[in-house]
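A.B. asks: Structure provided below as structure tokens; questions to follow.
The values are calculated or read from the model by the stated rules, or taken from the named source; none is laboratory data. No experiment lies behind these values; they were computed from the predicted model shown. Note that we place each Cβ from the backbone using ideal geometry, even for glycine, and neighbour counts take in every protein chain shown.
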Amino acid sequence: MAASDRRPVRVAVIGVGSLGQHHARIYASLPEARLQAVVDTDLDRAAAIAARHGVLALASHRDLPRDLDAVSVAVPTSAHAPIVAACLERGLAAATLEEAASMTRAAARAGRPLCVGHTERFNPIVRAARRRVRDPRFIETHRLGAFTARGTDVDVVLDLMIHDLDVILSLVPSRIASIDSVGVHALTDKVDIANARLRFENDCVANVTASRISTERVRKLRVFESESYLSIDYARQEGVIYTLRRSPGAPPEIVREPIEAENEEPLQAELRAFLRSVRGEDAPVVTGEEGLRALETALRVVEQIAAAARQTRS
């Protein structure tokens, strides 16, 4: 689609479960989008969401209309690759949650934008905080949630932790030197709680914890630098920075400053950015290559946990 083409982007949503239904809701509300269809293997669910927005309900992505411009892929993580590849072969732009090298290559061959749905990168408080981060020395994140069946096709590392890994990788301008990970199977046959300690070549350290078996919902990021400390709450879209101020002839003073950010639903900001990419107005905020780096890091964590479990059993 040419950048000068200002007509609404014709889009469909593949997978309208707990997350995909919100993709459909937001597309239906945006003047720059025209929701054409929703797809789900559960046709009753597809029909219910489609009726809500007055669009077509389909059971397979193979039945999508030919005149689409883009799709959002919100199926379970383990099913992304073949669906994204099929859509890119059709010339569609794609927005997905996690990517692999094959998807990135397919997007490059098709000449279409592939936008990774790491929604926290579109969170207004994250965008505002990024402008205040200079040289992180220590980063700590906690992403805790109550148990639901959603996302249990993969370990909590790929379900939840990967979003914090992506944010951390975007903040630290250095390669990872080492990773130490632990994880526990609790309610499923996958890892339900995990912790990873990342050490970067520039000596920054990140401590990352994710759980889907907690009694409360917590989504927080803390960044420690020389003479400053920044803390944000993803869910509340609130942040604060503490800075050590030195004035001549006076003792050092700790100054507390709120981080100002306009409140906006992160998923809406993500989908608006995707539509701009489809129109050729902006490059993807989170590229396939960045998604691949976060995925590779998450898989290293998963493999370390699995290796430790195998060693324990032996």
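A.B. asks: Among D166, D192, D159, which is in contact with a helix residue (DSSP H, G or I) (Cβ under 6 Å, 6 or more places away or on another chain) and modelled with pLDDT under 95?
C.D. replies: D192
A.B. asks: If we keep just the residues of the stretch 198-219 that are assigned to a strand (DSSP E or B) and among the hydroxyl-bearing types (S, T, Y), which is surrounded by the most Cβ atoms within 10 Å (Cβ to Cβ)?
C.D. replies: Going through the qualifying residues, I end up with S211.
A.B. asks: Hey, which of the helices (runs of 4 or more DSSP H) in the stretch 33-117, taking only ones fully inside, have at least 2 residues that are in contact (Cβ under 8 Å) with a residue 12 or more places away in the chain and within 16 Å of R10 (Cα to Cα)?
C.D. replies: The helices (runs of 4 or more DSSP H) meeting that bar are 43-53, 80-89.
A.B. asks: Limited to the stretch 130-156, what total is found for residues that are in contact with a helix residue (DSSP H, G or I) (Cβ under 9 Å, 6 or more places away or on another chain) and among the aliphatic types (A, V, I, L, M)?
C.D. replies: Selection size over the stretch 130-156: 4.
A.B. asks: With (1) modelled with pLDDT of 95 or more; (2) surrounded by 24 or more Cβ atoms within 10 Å (Cβ to Cβ); (3) touching a Phe, Trp or Tyr at 6+ places or on another chain (Cβ under 6 Å) as the list, and S174 as the residue in question, which single condition is left unmet?
C.D. replies: (2)
A.B. asks: A further question on this structure: Give the residue that is modelled with the lowest pLDDT, with candidates limited to residues of the stretch 1-32 that are among the hydroxyl-bearing types (S, T, Y) and in a loop (DSSP other than H, G, I, E, B).
C.D. replies: Within the stretch 1-32, the match that is modelled with the lowest pLDDT is S4.
A.B. asks: Tell me, please, whether a residue that is part of a strand (DSSP E or B), of a type in the set (A, V, I, L, M, F, W, C) and surrounded by fewer than 21 Cβ atoms within 10 Å (Cβ to Cβ) can be found in the stretch 144-159.
C.D. replies: yes
A.B. asks: Select from the stretch 17-55 the residues that are in contact with a helix residue (DSSP H, G or I) (Cβ under 6 Å, 6 or more places away or on another chain) and among the aliphatic types (A, V, I, L, M) and write down the one among them that is surrounded by the most Cβ atoms within 10 Å (Cβ to Cβ).
C.D. replies: It comes out as V38.
A.B. asks: Now for a different question. Within the stretch 177-197, take every residue that is of a type in the set (G, A, S), exposed (fewer than 15 other Cβ atoms within 10 Å of the Cβ) and in contact with an Asp or Glu (Cβ under 8 Å, 6 or more places away or on another chain) and give me the one that is farthest from E289 (Cα to Cα).
C.D. replies: Within the stretch 177-197, the match that is farthest from E289 (Cα to Cα) is A186.
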